[in-house]
Amino acid sequence: MSTVVRPAGRSLVRWWRRPWVGPLAVVAVLFVAYSLPPYLTLDPALSRVQVPAGGAVHYPLLIGHVLFGTVAILSCCLQVWPAFRARYPRAHRRIGRAYVFAGVLPASVLAVAVAVFAPFGMVAVASNVLLGALWFGCTVAGWRAARQRRFADHRRWMVRSFVLTISTVTNRLWTPVWASVLAPQLPTTFGGDEAFFAATVAGLTTWTGWVLPLLLCQWWLDRRRTPAAAR
């Protein structure tokens, strides 16, 4: 009888030690359910992101980025779930390949291209180009580490990749924050220039949306590594 009770106990402890798994999946599904449908219509007028004038190049790139990014967001929820990795290693590997090759790599390349054509100012362009490059680089480093069976390095790189993937969600949270903070300065600092105001909010949002989560991620990784190194 004890052999039946003990696995259930371990599963319960495992769940409570990772209480973020369920909410993460819910947030990812809701975000995709909100963001994806307008792009399936192929109608630029329904785009969630402002399409620049004459956006014949921008919009198709944006659609590709959204589609591949959807694969990355949904698949990463399973990839960072410890119980799923332990119980279904073959599925973990297969979903991991989809995350890398049908998700992050094409989405990150297209993110750079979309950023160049986006009408949000050079501050936002610089942020999104750097984000795309880091997203691509962290994911490739994690994939190579797995191929070389350096699984500890693989997990660390993929945690960084995961944080950059989810930053597309956290990015949306910062927009109303910066807009609220800077709105009182619109008639003074910005001289009533709404385009300048919008570009400033976009620039601050894009940087804080991924830099802060990545710094927090690195702090967490270093904190987990320090006790092991000390031993």
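The values are calculated or read from the model by the stated rules, or taken from the named source; none is laboratory data. Quick caveat, the model's predicted, so the values are computed rather than measured. When we count neighbours, we look across all protein chains shown, and the Cβ atoms used for this are built from the backbone with ideal geometry, even at glycine. Ligands, DNA and RNA are excluded from the accessible area calculation, which covers all protein heavy atoms including side chains. Shrake-Rupley method; radii C 1.70, N 1.55, O 1.52, S 1.80 Å.
Inspect all residues belonging to the range 76-91 and state whether any of them is open to solvent by less than 40 Å² (accessible area, probe 1.4 Å) and touching a Gly at 6+ places or on another chain (Cβ under 9 Å).
Looking through the range 76-91, at least one residue is open to solvent by less than 40 Å² (accessible area, probe 1.4 Å) and touching a Gly at 6+ places or on another chain (Cβ under 9 Å).
Of the residues in the range 22-64, how many are part of a helix (DSSP H, G or I), free of Cβ contacts under 8 Å to residues at least 40 places away in the same chain and closer than 19 Å to VAL112 by Cβ?
4
Go through the range 120-154 and give me each residue that's of a type outside the set (A, V, I, L, M, F, W, C) and buried (at least 17 other Cβ atoms within 10 Å of the Cβ).
Result: GLY121, SER127, ASN128, GLY132, THR139, GLY142, HIS154.
Test of understanding: among THR165, THR205, THR188, which residue is touching a residue at least 24 places away in the same chain (Cβ under 8 Å), polar (S, T, N, Q) and more than 17 Å from ALA118 (Cβ to Cβ)?
Step by step, each of THR165, THR205, THR188 is checked, and only THR165 is touching a residue at least 24 places away in the same chain (Cβ under 8 Å), polar (S, T, N, Q) and more than 17 Å from ALA118 (Cβ to Cβ).
Just one of (1) of a type in the set (Gly, Ala, Ser); (2) closer than 20 Å to ILE166 by Cα; (3) open to solvent by 70 Å² or more (accessible area, probe 1.4 Å) trips up GLY64, so point out which.
(3)
Return yes or no: is ALA198 part of a helix (DSSP H, G or I), on the phi < 0 side of the Ramachandran plot and open to solvent by 50 Å² or more (accessible area, probe 1.4 Å)?
In short, yes.
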